[in-house]
1. What are the residues in the stretch 10-60 that are of a type in the set (Val, Ile, Thr) and either touching a strand residue (DSSP E or B) at 6+ places or on another chain (Cβ under 8 Å) or under 28 Å from Ile71 (Cβ atoms) (or both), if any?
2. Tell me the residue from His159, His146 that is at pLDDT 90 or above and either loosely packed, with under 10 Cβ neighbours inside 10 Å or not hydroxyl-bearing (Ser, Thr, Tyr) (or both), please.
3. Given the criteria assigned to a helix (DSSP H, G or I), under 30 Å from the mean Cα position of the chain (by Cα) and not aliphatic (A, V, I, L, M), does Glu170 qualify?
4. Can you work out which of the residues in the stretch 24-47 that are touching a helix residue (DSSP H, G or I) at 6+ places or on another chain (Cβ under 9 Å) and part of a helix (DSSP H, G or I) is farthest from Ala210 (Cα to Cα)?
5. If we keep just the residues of the stretch 68-124 that are aromatic (Phe, Trp, Tyr) and not in a helix (DSSP H, G or I), which is surrounded by the fewest Cβ atoms within 10 Å (Cβ to Cβ)?
6. Picking from Val133, Val129, Val124, which residue would you name as being within 26 Å of Ala87 (Cα to Cα), among the β-branched types (Val, Ile, Thr) and touching a Ser or Thr at 6+ places or on another chain (Cβ under 7 Å)?
Amino acid sequence: MSLLKEKARLLNDQLRNSLSPLQLITITTLVTTFSISIYRFLFVNDEDISKRIQETIFRLVRRLPSVQRQIAKARDETLTSICNDIAKSVAGHTFSLALPEKGLSKDELIHKLERYHSFEKTDVKSGQVSGCVYKLPQSDMTDVYHQIFNLFGDSNPLHVDVFPDIRTMEAEVVRCVATMFHGDENVCGTMTSGGTESLLMACKTYRDFALSKGITKPEM
């Protein structure tokens, strides 16, 4: 042990004699930072080390100029294809670039909207468009939609104190879903604006639940 201490002292003296104070500070900072990074990489992570090594190699490979060029090329080709597909449906249309100086009359507005409605689009009534429009072919259901919109089209569910009807229906929907999943009186929920937000809220709920259980790095 004493021999090890003596060697460490000699090494320390050599470094102090051969390096300036600024060099010593710089080297110490770099070595400390590198050591902390290695420690965190090896131990302060819930993922398997082999997976972390693969991800690190993948990130390094992506930084290579040749790989970045290939990624940029594929991205540009995809964006061009998407833009071309979108542009086909509105070919020949003159876009409005500013508000008109004079407002449109009712007939002019309807005519303009009918022109928009005539754009080429996918037939959503075919039932072959997934995750887009949920529409039943029965005409009586369409009539129901219109009647419901006439009743509640001018409401705002954000203001539950102003619209108790919307608030009550939302509460009943949440309760029905809770009952469907055998939830007790302590189960609560909320309405979202669409499927994507619902998925994000579900992921967030599980993430927060994991945090409450002591999982320090839950994956969302």
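1. Ile49, Ile53, Thr56, Ile57
2. Exactly one of His159, His146 is at pLDDT 90 or above and either loosely packed, with under 10 Cβ neighbours inside 10 Å or not hydroxyl-bearing (Ser, Thr, Tyr) (or both), namely His159.
3. yes
4. Checking each candidate, the answer is Leu24.
5. Phe95
6. Exactly one of Val133, Val129, Val124 is within 26 Å of Ala87 (Cα to Cα), among the β-branched types (Val, Ile, Thr) and touching a Ser or Thr at 6+ places or on another chain (Cβ under 7 Å), namely Val129.
The values are calculated or read from the model by the stated rules, or taken from the named source; none is laboratory data. Nothing here was measured: the structure is a model prediction, and the numbers come from that model. Note that each Cβ is placed from the backbone with ideal geometry, even for glycine, and that neighbours are counted across all protein chains shown.
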